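Student: What follows is a single structure, and I will ask about it in a moment.
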Amino acid sequence: MIDDTQRAAPIVHTPVKKRRSVAIQREIVVLVAMIVFNLLFTQHFVSLQTFNVNLTQVVTIVIVGIGMTLVVATGGIDLSVGASMAIAGALAPMLFMNIAGPAGIALAFTLPIIAAALCGVFNGLLVTRLRVQPIVATLVLFIAGRGIAQVVTDGSLQAFTNPTFQWIALGKVAGVPFQILLMLALVVVFAWIVRKTLFGKYLLVTGGNEDAAYLSGIPTARVKMIAYTVCAALAGLAGLISISVNSSSDANVIGLGVELDAIAAVAVGGTALTGGKASITGTLIGALIIQLLRYTLLAHGIPDAAALVLKAAIIIVAVYVQRKRG
């Protein structure tokens, strides 16, 4: 059995790697074309402020997109990432404003992410144990999760100023915003996990053919549970960054619409929405394309609402391109 797998590996995986490389190259071409367009036709595009604004605004999309990539690779989807962000963002200020000192800060960074991860566990149980379709299973928390966050905060805005907590979003290392360094570190770590670890292989096999993976002895239910849990935990982390940037927590708006941004970034990045493939690097590039598209539209006086229509159109085009490649 092992010898047969080893002999088959070069035949199966080499074309996939070539297709992945070609897909990333195409994404880079699109990104470069958008940058060139803005260099030529957008005023004040070449400035440190514009660079920082676009990068910091893309951080939450990338972090949520990484988790979404894992879930989509299993053949699933997670519509509740925005609600997980809202729950984490609602809990954190309550902790560091009511518990003084380092203990409050430590709890504000850990408990909200744990709470978000539990949302992922809930999603995973619905998908793996009750066999609920992922889009339906995660729709439950998409609706109820934000309601939970609103109940926790009594629907009110929590304004705060806490430099220690907000350092995750506003702090800098050698002049570079820490949140950007954190985003890049997560991209590197999860790209390595997907490409080089046994879990990464299980992830892709589960999404490619779950029945065959299960019959081969792969714990497909556990793989899905981990994917949904990690996705929600990363959404919780993105929620902490989001409230830190805004110096306030509003359960009504935190993470609102981020699921569309994340899915668009994943689709544009080359991860097949049908499962079996995953490109963390592609998700990063896809998120940059989505953010730059939004910036370009706003810079040229096109309403932000138009960006929502274009994002939906981008997902359709990306799925069509993936189908043609397949």
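Conditions (1) hydrophobic (A, V, I, L, M, F, W, C); (2) more than 20 Å from residue 110 (Cβ to Cβ); (3) touching a residue at least 24 places away in the same chain (Cβ under 8 Å), marked per residue:
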residue	(1), (2), (3)
188	yes, yes, no
199	yes, yes, yes
211	no, yes, no
218	yes, yes, no
232	yes, no, yes
244	no, no, yes
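Student: Right, something else. Quickly run through the range 242-253 and pick out the residues that are of a type in the set (A, V, I, L, M, F, W, C) and either modelled with pLDDT of 95 or more or touching a Cys at 6+ places or on another chain (Cβ under 7 Å) (or both).
Tutor: Filtering the range 242-253 down to residues of a type in the set (A, V, I, L, M, F, W, C) leaves 243, 245, 251, 253.
Once the filter is applied, which keeps residues that are of a type in the set (A, V, I, L, M, F, W, C) and either modelled with pLDDT of 95 or more or touching a Cys at 6+ places or on another chain (Cβ under 7 Å) (or both), the range 242-253 yields only 243.
Student: Cβ-Cβ distance below 8 Å, separation of 6 or more or different chains: which pairs start in the range 31-58 with a residue that is over 14 Å from residue 300 (Cα atoms) and end on one that is outside any helix (DSSP H, G or I)?
Tutor: 50/44; 52/177; 55/177; 56/177
Student: Checking residue 105 against (1) over 23 Å from residue 246 (Cβ atoms); (2) touching a helix residue (DSSP H, G or I) at 6+ places or on another chain (Cβ under 6 Å); (3) in a helix (DSSP H, G or I): exactly one of these is not met. Which one?
Tutor: Every condition holds for residue 105 apart from (1).
Residue-wise test of (1) assigned to a helix (DSSP H, G or I); (2) on the phi > 0 side of the Ramachandran plot; (3) modelled with pLDDT under 95; (4) among the small types (Gly, Ala, Ser).
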site: 152; (1), (2), (3), (4): yes, no, yes, no
site: 182; (1), (2), (3), (4): yes, no, no, no
site: 185; (1), (2), (3), (4): yes, no, no, yes
site: 203; (1), (2), (3), (4): yes, no, no, no
site: 225; (1), (2), (3), (4): yes, no, no, no
site: 231; (1), (2), (3), (4): yes, no, no, no
site: 238; (1), (2), (3), (4): yes, no, no, yes
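Student: Taking the condition of being part of a helix (DSSP H, G or I), farther than 30 Å from residue 189 by Cβ and in contact with a Phe, Trp or Tyr (Cβ under 9 Å, 6 or more places away or on another chain), how many residues in the range 274-320 meet it?
Tutor: The number of residues fulfilling the criteria is 2.
The values are calculated or read from the model by the stated rules, or taken from the named source; none is laboratory data. Note that the coordinates shown come from a computational prediction; the quantities given were computed from them, not determined experimentally. Here the Cβ is made from the backbone with ideal geometry for all residues, glycine too, and neighbour counts use every protein chain on show.
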